[in-house]
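Student: Let me give you the structure first, and then I'll get to my questions.
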């Protein structure tokens, strides 16, 4: 059995956390693994979900049209975000239907040290769906050499792109610290000329060593960190937020959603200003939820990410 000390966990578990963050959108885990979907039926399912949670989208703790859910089973963790964004469906599909753009999105997260997309010559199997590979390095929330980070290879597939529905899937067989079977899926439908409904889900499985590492992290450097689900009221009258692995899952799901929103919000800016706008937007958005998401001061975050972006452009 592999042992994990607190120092090792402090350095390596953020790798697990971002890979956990990097997950996607779907209706269920089993459905996500299947790229042969009916876009019309998937769009209908999304519209039904929107109708079911419309009131929650209008009034919630996030002060934005967003619903967050999480599930923990014996060997798997899954998080879902449903959100309305103020961008036309065409702008969303153009912005998110590119593996290079996904590297720019992932880059905003604290633990992403590097991302490079490579288009593949063929397709996934015989379905002729556009595909690519994303080489991602995951590391600490502070500056780090790539040689000290963990590499995770994602397959990227455009599952469906129609005038009414879009789905993107990223998947990786293996991750750090005994984690595996990552599924990243994003689906979207149009609500109006200016609004789009997104569903983001991420999920991954853990082996024995991964579960041991996770529990050790939560008992040490991750102690006291919480998510967004409110279990009730604490003795001091404040909300009692969920902790543990579901809290971890919810924090990274939110970070990922905010990265998508920040990326889309910068697409109309001048090309030489888009990076700064994305970084400032993401940091400001996370600071609206400091109890869950605050980790670095703005200057430290900006300097680290500028340097990582430069490295990302120069190292292939």
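Student: So, of the residues in the range 167-189 that are over 17 Å from the mean Cα position of the chain (by Cα) and surrounded by 21 or more Cβ atoms within 10 Å (Cβ to Cβ), which turns out to be modelled with the highest pLDDT?
Tutor: 189
Student: If you don't mind, another one. Of these, 192, 203, which one is over 15 Å from residue 96 (Cβ atoms) and not in a loop (DSSP other than H, G, I, E, B)?
Tutor: After applying the criteria, what remains is 203.
Student: Can you tell me which residues in the range 135-155 are without any contact (Cβ under 8 Å) to a residue 60 or more places away in the chain, touching a strand residue (DSSP E or B) at 6+ places or on another chain (Cβ under 8 Å) and surrounded by fewer than 24 Cβ atoms within 10 Å (Cβ to Cβ)?
Tutor: Correct list: 135, 144, 151, 153, 155.
Residues checked against (1) surrounded by 18 or more Cβ atoms within 10 Å (Cβ to Cβ); (2) in contact with a strand residue (DSSP E or B) (Cβ under 7 Å, 6 or more places away or on another chain):
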| residue | (1), (2) |
| --- | --- |
| 72 | no, no |
| 75 | no, yes |
| 96 | yes, yes |
| 110 | yes, no |
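Yes or no, residue by residue, for (1) touching a helix residue (DSSP H, G or I) at 6+ places or on another chain (Cβ under 6 Å); (2) within 23 Å of residue 153 (Cα to Cα); (3) at pLDDT 95 or above:
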residue: 1; (1), (2), (3): no, no, no
residue: 34; (1), (2), (3): no, yes, no
residue: 37; (1), (2), (3): no, no, no
residue: 54; (1), (2), (3): no, no, yes
residue: 76; (1), (2), (3): no, yes, no
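Student: For the range 171-200, which residues satisfy the criterion of being out of contact with any helix residue (DSSP H, G or I) (no Cβ under 7 Å at 6 or more places or on another chain) and farther than 18 Å from residue 94 by Cβ?
Tutor: Correct list: 171, 172, 173, 174, 180, 181, 184.
Student: Another question, then. Looking at (1) in contact (Cβ under 8 Å) with a residue 60 or more places away in the chain; (2) more than 27 Å from residue 87 (Cα to Cα), which is the only condition residue 288 fails?
Tutor: With respect to (1) in contact (Cβ under 8 Å) with a residue 60 or more places away in the chain; (2) more than 27 Å from residue 87 (Cα to Cα), residue 288 is out only on (2).
Student: Sticking with this one: All but one of (1) under 28 Å from residue 116 (Cα atoms); (2) touching a helix residue (DSSP H, G or I) at 6+ places or on another chain (Cβ under 9 Å); (3) assigned to a helix (DSSP H, G or I); (4) at pLDDT 95 or above hold for residue 299; which doesn't?
Tutor: Every listed condition holds for residue 299 apart from (2).
Student: Return yes when residue 46 is modelled with pLDDT under 65 and either over 24 Å from residue 178 (Cα atoms) or in a loop (DSSP other than H, G, I, E, B) (or both) and no when it is not.
Tutor: Judged against the criteria, residue 46 is not a match.
The values are calculated or read from the model by the stated rules, or taken from the named source; none is laboratory data. For clarity, every value in this text was computed on a predicted model and none was experimentally measured. Note: ideal-geometry Cβ built from the backbone for every residue, glycine included; neighbour counts use all protein chains shown.
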